[in-house]
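Engineer: Please find one structure pasted underneath; my questions will follow.
The values are calculated or read from the model by the stated rules, or taken from the named source; none is laboratory data. For clarity, every value in this text was computed on a predicted model and none was experimentally measured. Neighbour counts run over all protein chains shown; Cβ positions are idealised from the backbone, glycine included.
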Amino acid sequence: MPCCTLRLRFLSKLEETLCNMDPTPGKNPFSYEYLFLENTSQRMVIWLLAFYLREAVVVLTLIWASAARSLQPEGEAAKERTSPESQKCPGPCSCSYEDWNDELSVQCSSQKLTKLPENVPRGVKMLWLDGNNFTSLPALAFKNLSSLEFLNLQGSHLTNIEQHTFHGLEALYSLILERNRLKLLTPNIFLHLQNLVSLRLNNNQFSKIEEGVFAGLSNLWYLNLGWNSLVVLPDKVFHDLPNLRELVLAGNKLHYLQHQLFLSLSELRELDLSGNSLKGIKSNIFSRLQKLQKLYLNQNQVNAIAPRAFVGMKSLRWLDLSHNRLTTLFEDTFLGLSSLRVLRLSSNSVTGLGPKIFRDLHSLEELQLGNNRIRNLLERGFDKLSQLEVLALNDNQIEEIRAGAFLGLSKVAVMNLSGNCFKTLPDCAFRGLNQLHSLHLENSCLSRIRPQMFANLSSLRRLFLQHNRISVIEENSLNNLHELLDLDLRHNRLSRLSPNQFTGLRNLEYLLLSSNQVLEISPEAFAPLQRLSWLDLSNNCLETLDSSVFASFSKLEYLNVRNNSLRTFPLGWLSPTPTLIQLWLEGNNWQCNCSLKELRDFALQHPNVVLRYMQSVTEGDLPVYTYNNITCIGPGEVAGLDLRDIQESYFAEC
């Protein structure tokens with residue numbers, strides 16, 4: 001079997017494996033949990049992982065080629081090998097030789113070269129010429145480098161490439177010409193690169209591409225034309241690329257797509273048209289792309305999608321239409337997309353959702369509808385989405401959720417309704433969401449938590465209610481949430497924590513109550529929370545705390561009472577074996593008399609718990625370090641001192 005055919009089959013199988021990674025949370029780094037990571041550094045790590053997985057494909061092709069050559073008969077292979085000792089490295093460059101795979105690399109990056117280096121060894125496999133000042137490349141520039149597999153000319157100020165520049169590079173697999181100043185390529189310029197797999201022409205100054213430019217590239221797998229100035233493409237510009245798998249046209253100025261443009265790309269798996277100026281999607285544009293799995297149309301100006309525009313795309317799994325100008329979705333907009341798993345429609349101007357819009361999307365796992373203008377959710381509006389795991393409706397104008405709006409969504413694990421302004425949430429509003437793990441209701445104008453509001457959410461793990469107007473949590477309103485681990489009530493208007501408000505939360509581990517108006521905590525308020533490990537009461541109005549408030553906390557590790565009005569602090573609940581890891585006390589009205597001697601002794605005995613300088617928990621991504629002072633406001637003789645700095649003799653009569 002020819003080497004090219006073997007290589008393409010290998011790449012196809014690898015790509016299929018990556019696209020079919022298990023979407024179950026915890027198994028796949030590209031699953032829905034990525035979308036809700038709070039920390040930017042976490043998101044960046046996952047993004048980089050995805051990026052380098054794709055980049056690794058090009059390297060794998062080179063390894064494949066080396067392996068294929070190693071299987072050649074000894075006599076035939078010997079003809080290709082040239083002893084590295086007999087080849088002199090060009091003056092401004094550095095050379096390296098890998099004996100295990102007989103690979104010679106020449107690196108001439110960023111040497112301020114104005115012309116190609118002379119006497120490049122004939123047996124070179126990888127040649128780096130990026131970051132130089134070539135301006136142009138002459139004809140037959142690489143005629144003696146018949147073994148070259150990888151050529152990098154990125155960022156070398158190229159404005160012109162002669163017709164036969166790449167003649168002789170029969171073994172070349174990867175050619176990088178990105179980030180230059182190229183405006184025009186002549187037809188047949190790549191004619192003799194029949195083994196080329198990856199071609200990068202992005203970030204140049206192309207305003208047009210002539211027909212015939214890609215002639216001879218029948219084995220090309222990856223083509224990047226992104227971030228140029230392309231306004232229109234010839235009908236048959238991709239006619240010579242029957243094996244193309246990935247095409248990037250993002251960041252250009254394309255206004256429309258003609259019917260013939262993609263007809264020959266029957267093997268295409270991924271098409272990126274994001275960041276152009278497309279105003280509509282016509283029917284039959286993508287009808288021949290029956291193997292396409294990912295289509296990016298985000299960040300255009302699309303205001304209309306023709307009926308049945310995606311019919312025939314039976315393999316499509318990812319469709320991104322976010323950041324466009326769509327106002328209406330029709331019953332046949334997504335007709336035929338039975339394999340679709342991810343649909344992104346966020347940041348459009350959609351005003352409503354009809355009952356049959358998503359009827360064909362039986363395999364959909366993620367639906368993003370945030371930042372639209374949806375006003376209400378109708379009964380059974382998502383009825384056919386039986387496989388859905390993520391539903392984002394954040395930052396719309398939703399005022400009403402009809403009873404039964406989420407029926408049929410038995411597998412949804414993450415729901416984001418934040419940034420709306422609900423007049424009310426009906427009893428059992430979330431009926432049918434039996435597998436819901438995370439519910440986002442922050443910044444949603446809620447003023448009261450009522451019984452039955454969260455009924456039927458027996459699997460809920462995380463409930464986000466911060467930045468609302470909640471002043472009352474009625475008794476037993478949360479008692480169905482037996483599996484809840486995290487409850488975020490920051491930035492509300494709670495003034496009193498009463499018995500039975502947290503009844504039923506037997507597994508709760510994190511309770512965030514900072515930035516409310518809490519004046520009083522009933523001794524029994526936290527009694528049900530026996531597994532609590534993190535309690536944040538900072539930025540409230542507490543003046544006293546009864547020791548029995550914390551009596552049930554056998555596993556508490558982090559306690560924050562910063563920025564209240566406390567004068568004393570009970571410690572009896574900590575003995576005999578404290579579990580606290582960190583205690584925040586700064587910003588209170590400490591009266592440093594005998595009532596605080598016990599706190600002073602504890603702070604001195606456990607300096608790693610009551611740190612003087614510690615990292616503060618914030619909503620941002622960067623850590624904030626703050627002082628954890630226990631500053632006395634009285635009596636007068638110790639006012640202004642830190643409690644820990646007062647001499648033992650001061651407490652001699654206590």
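Engineer: In the stretch 575-591, is there at least one residue being farther than 26 Å from residue 488 by Cα, assigned to a helix (DSSP H, G or I) and at pLDDT below 95?
Structural biologist: No, every residue in the stretch 575-591 fails to be farther than 26 Å from residue 488 by Cα, assigned to a helix (DSSP H, G or I) and at pLDDT below 95.
Engineer: Look at the stretch 183-206 and say how many of its residues are over 32 Å from the mean Cα position of the chain (by Cα) and either surrounded by fewer than 19 Cβ atoms within 10 Å (Cβ to Cβ) or of a type in the set (S, T, N, Q) (or both).
Structural biologist: Adding up the residues that qualify gives 9.
Engineer: I'd like the full set of residues that are assigned to a loop (DSSP other than H, G, I, E, B), of a type in the set (Phe, Trp, Tyr) and in contact with a Ser or Thr (Cβ under 7 Å, 6 or more places away or on another chain), limited to the stretch 218-240.
Structural biologist: Matches in the stretch 218-240: 221, 238.
Engineer: Since residue 270 meets every condition but one in (1) over 21 Å from the mean Cα position of the chain (by Cα); (2) over 17 Å from residue 323 (Cβ atoms); (3) surrounded by fewer than 21 Cβ atoms within 10 Å (Cβ to Cβ), which condition does it not meet?
Structural biologist: Tallying (1) over 21 Å from the mean Cα position of the chain (by Cα); (2) over 17 Å from residue 323 (Cβ atoms); (3) surrounded by fewer than 21 Cβ atoms within 10 Å (Cβ to Cβ), residue 270 fails exactly one: (1).
Engineer: May I pose another question? Among (1) touching a Leu at 6+ places or on another chain (Cβ under 8 Å); (2) under 26 Å from residue 314 (Cα atoms); (3) not β-branched (Val, Ile, Thr), which single condition is residue 389 missing?
Structural biologist: For residue 389, the exception is condition (1).
Engineer: Can you name every residue in the stretch 85-109 that is over 17 Å from residue 149 (Cα atoms), surrounded by 13 or more Cβ atoms within 10 Å (Cβ to Cβ) and modelled with pLDDT under 95?
Structural biologist: 87, 89, 90
Engineer: Then there's this: Might you check whether a residue that is in contact with a His (Cβ under 8 Å, 6 or more places away or on another chain) and either over 17 Å from residue 369 (Cα atoms) or among the aliphatic types (A, V, I, L, M) (or both) occurs anywhere in the stretch 322-338?
Structural biologist: Yes, the stretch 322-338 has at least one match.
Engineer: Does residue 196 count as assigned to a loop (DSSP other than H, G, I, E, B) and more than 22 Å from residue 323 (Cα to Cα)?
Structural biologist: Yes, satisfied.
Engineer: Being at pLDDT below 90 and closer than 23 Å to residue 651 by Cα is the filter here, so list the residues in the stretch 547-569 that pass it.
Structural biologist: Listed by number, the list holds a single entry, 547.
Engineer: Could you run through the stretch 480-497 and say how many residues are under 20 Å from residue 533 (Cα atoms) and in a loop (DSSP other than H, G, I, E, B)?
Structural biologist: Selection size over the stretch 480-497: 7.
Engineer: Pick from the stretch 577-590 the residues that are closer than 17 Å to residue 562 by Cβ and polar (S, T, N, Q): which of them is surrounded by the fewest Cβ atoms within 10 Å (Cβ to Cβ)?
Structural biologist: Out of the qualifying residues, it is 589.
Engineer: Return the residue satisfying two criteria in turn: it lies in the stretch 608-630 and is in contact with a helix residue (DSSP H, G or I) (Cβ under 6 Å, 6 or more places away or on another chain) and over 15 Å from residue 641 (Cβ atoms), and of such residues it is modelled with the lowest pLDDT.
Structural biologist: Among those residues, the one meeting the criterion is 621.
Engineer: Still on this model: With (1) modelled with pLDDT of 95 or more; (2) surrounded by 22 or more Cβ atoms within 10 Å (Cβ to Cβ); (3) more than 29 Å from residue 275 (Cα to Cα) as the list, and residue 381 as the residue in question, which single condition is left unmet?
Structural biologist: Result: residue 381 passes all but (1).
Engineer: With the requirement that a residue be crowded, with 20+ Cβ neighbours inside 10 Å and at pLDDT below 95, what does the stretch 361-378 give you?
Structural biologist: Matches in the stretch 361-378: 377 only.
Engineer: Then there's this: Please verify whether residue 349 is under 23 Å from residue 405 (Cα atoms), in a loop (DSSP other than H, G, I, E, B) and either of a type in the set (Gly, Ala, Ser) or touching an Asp or Glu at 6+ places or on another chain (Cβ under 7 Å) (or both), treating the condition exactly as stated.
Structural biologist: yes
Engineer: Out of all the residues in the stretch 593-607, is one or more of a type in the set (Phe, Trp, Tyr), modelled with pLDDT of 90 or more, surrounded by 16 or more Cβ atoms within 10 Å (Cβ to Cβ) and not in a helix (DSSP H, G or I)?
Structural biologist: Taking every residue of the stretch 593-607 in turn, none turns out to be of a type in the set (Phe, Trp, Tyr), modelled with pLDDT of 90 or more, surrounded by 16 or more Cβ atoms within 10 Å (Cβ to Cβ) and not in a helix (DSSP H, G or I).
Engineer: Something else now. Checking residue 112 against (1) in contact with a Pro (Cβ under 6 Å, 6 or more places away or on another chain); (2) more than 29 Å from residue 188 (Cβ to Cβ); (3) surrounded by fewer than 17 Cβ atoms within 10 Å (Cβ to Cβ): exactly one of these is not met. Which one?
Structural biologist: For residue 112, the failing item is (1).
Engineer: Quick one: which residue in 455, 429, 413 is surrounded by 17 or more Cβ atoms within 10 Å (Cβ to Cβ), at pLDDT below 95 and small (Gly, Ala, Ser)?
Structural biologist: Going through 455, 429, 413 in turn, just one is surrounded by 17 or more Cβ atoms within 10 Å (Cβ to Cβ), at pLDDT below 95 and small (Gly, Ala, Ser): 429.
Engineer: Taking residue 544 as the residue in question, decide whether it is in a loop (DSSP other than H, G, I, E, B), β-branched (Val, Ile, Thr) and out of contact with any helix residue (DSSP H, G or I) (no Cβ under 6 Å at 6 or more places or on another chain).
Structural biologist: yes
Engineer: Take the stretch 548-576 and flag every residue that is surrounded by 20 or more Cβ atoms within 10 Å (Cβ to Cβ), of a type in the set (Val, Ile, Thr) and over 36 Å from the mean Cα position of the chain (by Cα).
Structural biologist: If the condition is that a residue be surrounded by 20 or more Cβ atoms within 10 Å (Cβ to Cβ), of a type in the set (Val, Ile, Thr) and over 36 Å from the mean Cα position of the chain (by Cα), then 549 is the only one that fits.
Engineer: Pick from 204, 243: which is under 19 Å from residue 181 (Cα atoms) and assigned to a loop (DSSP other than H, G, I, E, B)?
Structural biologist: Going through 204, 243 in turn, the sole match is 204.
Engineer: Right, next: Does the stretch 475-496 hold any residues that are of a type outside the set (D, E, K, R), surrounded by fewer than 21 Cβ atoms within 10 Å (Cβ to Cβ) and either in contact with a Lys or Arg (Cβ under 6 Å, 6 or more places away or on another chain) or at pLDDT 95 or above (or both), and which are they?
Structural biologist: Of everything in the stretch 475-496, those that are of a type outside the set (D, E, K, R), surrounded by fewer than 21 Cβ atoms within 10 Å (Cβ to Cβ) and either in contact with a Lys or Arg (Cβ under 6 Å, 6 or more places away or on another chain) or at pLDDT 95 or above (or both) turn out to be 482, 485, 491, 494, 495.
Engineer: Here's something else I'd like to know. Out of everything in the stretch 251-301 that is assigned to a loop (DSSP other than H, G, I, E, B) and aromatic (Phe, Trp, Tyr), what residue ends up being nearest to residue 329 (Cα to Cα)?
Structural biologist: Residue satisfying both the conditions and the ranking: 286.
Engineer: Going by the structure shown, is residue 398 in contact (Cβ under 8 Å) with a residue 24 or more places away in the chain, assigned to a loop (DSSP other than H, G, I, E, B) and in contact with an Asp or Glu (Cβ under 7 Å, 6 or more places away or on another chain)?
Structural biologist: In short, no.
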